[in-house]
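The values are calculated or read from the model by the stated rules, or taken from the named source; none is laboratory data. Just so you know, these numbers come straight off a predicted model, no measurement behind them. Cβ: placed from backbone, ideal geometry, glycine included. Neighbour counts: every protein chain shown. Accessible surface is based on the protein model in full, side chains and every heavy atom, while ligands, DNA and RNA are left aside. Shrake-Rupley method; radii C 1.70, N 1.55, O 1.52, S 1.80 Å.
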Amino acid sequence: MQKNQPMNLESLQNSYLPTFEIALKKAIEFNLSDERNILEKAINYSVTAPGKRIRPLICLATEKSLTGSISVGIPIGIAIELIHCYSLIHDDLPAMDNDDFRRGKPTCHKAFGEDIAILAGDVLNTYVFEYLASELPKYTSEKKTIDGIKTFSSNCGIHGMAGGQVLDLKSNHSTQASLNQLQQIHNLKTGALLKACFTLVSTIASEDKAIHSTMEKIGHHFGLLFQIIDDILDETSSLEALGKSPGKDAMQNKLTYVSLLGLDGAKKEALVHKNKGLELIQTLPYSASELSTIFNYIFDIGVPNVH
């Protein structure tokens, strides 16, 4: 494949996801025969719900762009998808975003009850690190395994996703709100886990510190692009298209890119981060077309026909 040869997300999914889905389902086979199997059912219900698998695709495309092949991107992609799924289960709870639908299906707490949904999220949040501790040594050194798990933990906790969720819950649109404040929230809430797709793979797949730095910057721009588009879609899309309830940000007076910059301003900000990410992707050693495809896909679903 020539560098930056055009492709679409569907072809990328068809290339990677059949193998990934088999490995993902195997990773969450606990084979319980007592009453704990309700947790396994709830986990399977949420994890295997239809989704685009953007995070695993980033992991696989990142490794391909650095090495020309795929190996460690699969277990890292599984770990990130499981953490993402735990966060969705908990985000949807009445005490958080209080949503009834996720990926076009009733949310986990609607299907299994709040108690089981909370515990299903708890299991995923802890199991991920057991899984990584078991899988990463097959691909890298003990030191890189420990460092990778430590960094990933930070991406998920108070310095990352969970801390960002608190900032988001406490935010509201006001005349004092600033773009820097908004970016801080989403660099943590959404961006930290998305950035990990780029950085955790690159630190294991490559010894080049310049590459690590480039991937961190690409991940930063992708995280912001992703959140801006999410804000735009919450304003403009439908339940059928989103797979979750739209319009909740405005209803809750949330600080978003649309509430701060307006719809046109948010679209312009999205274009800035898309272009910056694509410029950095051009510097990678192998074919960058897959990462470019993911950037363009995310942008296009919120801002169609603008390049």
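Tabulated data for the structure shown
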| item | result |
| --- | --- |
| Pair list, Cβ < 7 Å and 6+ apart or interchain, from the stretch 254-266 residues that are over 13 Å from Val303 (Cβ atoms) to residues that are assigned to a helix (DSSP H, G or I) and open to solvent by less than 20 Å² (accessible area, probe 1.4 Å) | Leu255/Leu182; Thr256/Asp231; Leu260/Leu182 |
| Selection status of Glu10, outside any helix (DSSP H, G or I), more than 25 Å from Thr151 (Cβ to Cβ) and among the charged types (D, E, K, R) | no |
| Residue that is farthest from Leu200 (Cα to Cα) [pool: residues in the stretch 76-135 that are polar (S, T, N, Q) and without any contact (Cβ under 8 Å) to a residue 24 or more places away in the chain] | Asn98 |
| Test result for Ile43, touching a residue at least 12 places away in the same chain (Cβ under 8 Å) and surrounded by 19 or more Cβ atoms within 10 Å (Cβ to Cβ) | yes |
| Asp97, sole failed condition from (1) crowded, with 19+ Cβ neighbours inside 10 Å; (2) part of a helix (DSSP H, G or I) | (2) |
| Evaluation of Ala111 against (1) small (Gly, Ala, Ser); (2) buried (at least 18 other Cβ atoms within 10 Å of the Cβ); (3) over 21 Å from Ile80 (Cβ atoms) (one fails), failing number | (2) |
| Sole exception among (1) under 16 Å from Ile116 (Cβ atoms); (2) touching a residue at least 60 places away in the same chain (Cβ under 8 Å); (3) small (Gly, Ala, Ser) for Ala27, by number | (1) |
| Search result, residues across the stretch 154-170 that are assigned to a helix (DSSP H, G or I), more than 16 Å from Asp92 (Cα to Cα) and open to solvent by 40 Å² or more (accessible area, probe 1.4 Å) | Ser154, Leu167, Lys170 |
| Any chance Ser134 is surrounded by fewer than 16 Cβ atoms within 10 Å (Cβ to Cβ), at pLDDT 95 or above and of a type in the set (Ser, Thr, Tyr) | yes |
| Identity of the residue in the stretch 179-215, free of Cβ contacts under 8 Å to residues at least 12 places away in the same chain and of a type in the set (S, T, N, Q), that ends up most open to solvent (accessible area, probe 1.4 Å) | Asn180 |
